[in-house]
Structures are given as C-alpha cells and as structure tokens.
Amino acid sequence: FSPIRNWANERQAKDSSKKVRAVKRIQAERGERLGARPPYGYRKKDSSTKDIVPDEDAAPIIKRIFELCASGKGPSQIARILTEEQVLTPSNYYYRKTGASHVGLDTTRPFSWSGSTVTGILDNKTYLGHMPGLRATSLSYKNKKIVRKPESEQVLVENTHEPLISQELWDIVQDIRKHKKRPPKQM
C-alpha cells in the first residue's frame, strides 16, 4: 500500500499547489497586496485589511531617497548618507513599529543601510500608487527555490493606493539609473 499512498499524497500536493497559484494570480489581478509586510514608507490601514496608506514617519524618507537619486547620487552614496544621518533601516523600522522579527533583521546595526536596499526602493513601483504582483515564484511544489519573473509575466494593477512620489520624479530617476550604470570591469 505504501507506493499507492505516496502516489496519492503527491497528486494531492500537486493539485493543492495549482489551486494556490490560481488564487494568488486572481488576487494579484484584483490589485491585492500579496505580501505580509507593507513596503517601507507605507503601513496597513488597519489590522484586518491588506490595504496600505502612507506612513507619516517613513514616507518622507522615501521621497528623500528618490530626490537624492534625481540629483545624481547613486544607491551606495544614498545608503552612506542615510547611515550617517542615523536613519533606521526598513527592517529595523518595521521591528520597532510592530515588534515582529523577520529575515534580514540585524538589531546590532539598526542604521546600516546598503546600496541593495536603496536599489530595491528605487525599483519598486508601489511608490507610484501601483500594486505589482507575481514578481517571483517557486520552481515547483517540490523545489522551493524562488525565481524572479520577467516583467512581461508580472501583474501590475495601477492606482490602487496613494502614491508617495510623482510619475515625473519616477521617470527622472529611472532615466538617470539607466544611463549612469558603471561599465563592467574588464577581466
């Protein structure tokens, strides 16, 4: 009976995986936020909903990051400026606000910004008031490795919440970032 039971269990896991993926796609197409934590600069409207509203403490920092980039600063320079000014990192800010711990939290260095954190903020369309969905997926129900999807396969629902930055500022920042990348070092 063991081989038959294993086959039946695997089939059930596969069916459940398909159903969960279908529900997540429907939620993304409706413009619902799929993650547990709201993006830095936003907070949950209330504990029972997934709606987000600007966070009065962190929203000015997001605006400042975009303005610094528009003035010609790169992600590493912006990270250095925020570290020098003792601004809490997104993970430490969330931890202090909610008390919830998560992966990537380093309470020993609460003001240590990195260029990759700033890059993630500068690439996030949530700050325009849009809700991106299905940006990453696992390979299969057996292999849990997370894979980033190309932009053509992602879902983007526009105007789902209040934006923190204007479309003009976003366009300026994206244009600067596209043209300012360093050429790769030669071997």
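The values are calculated or read from the model by the stated rules, or taken from the named source; none is laboratory data. In this text the structure is predicted, and so the values were computed from the model without any measurement. Here the Cβ positions follow ideal geometry from the backbone for every residue, glycine too, while neighbour counts run over all protein chains shown. Areas reflect the complete protein model, heavy atoms only, side chains present, ligands, DNA and RNA absent. Shrake-Rupley method; radii C 1.70, N 1.55, O 1.52, S 1.80 Å.
Data overview
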| read-out | value |
| --- | --- |
| Max mean-square fluctuation residue, GNM over the chain, Cα-Cα springs under 10 Å, options Ala59, Ala36, Ala79 | Ala36 |
| Entries in Lys97/Lys178; Lys149/Lys178; Lys73/Lys125 that, when Cα-Cα distance is taken, lie over 26 Å | Lys97/Lys178 |
| Computed helical MRE - 222 nm, the chain, DSSP H runs ≥ 4 contributing -39500 (n - 2.57), nearest 500 | -14000 deg cm²/dmol |
| Relative contact order %, the chain, counting alpha carbon pairs below 8 Å whose residues are six or more apart | 24 |
| Solvent exposure, largest accessible area first (probe 1.4 Å, DNA, RNA and ligands not counted), of Asp55, Asp15 | Asp15, Asp55 |
| Of all accessible heavy-atom area on segment 7-77, the percent that carbon and sulfur account for (1.4 Å) | 50 |
| Accessible area per residue in Å² at 1.4 Å probe, computed on segment 1-146 | 61 |
| Potential lengthening between Gln27 and Lys180 on full extension [0.36 nm per residue; Cα-Cα distance subtracted] | 51.5 nm |
| Stretch gain in nm, segment Val157-Asp57, where the contour uses 0.36 nm per residue and the Cα spacing is subtracted | 33.4 nm |
| Qualifying lysines (Cα of each under 19 Å from Cα of Lys142; at least 8 residues distant if same chain) | Lys14, Lys18, Lys19, Lys24 |
| Label-zone membership for segment 128-149, site Val20, 7 angstrom Cα→C-beta point, backbone N under 20 Å | 133-149 |
| Charge-dipole axis of the chain as Lys and Arg at +1 and Asp and Glu at -1 on Cβ define it, positive-most pick from Thr137, His102, Ile52 | Thr137 |
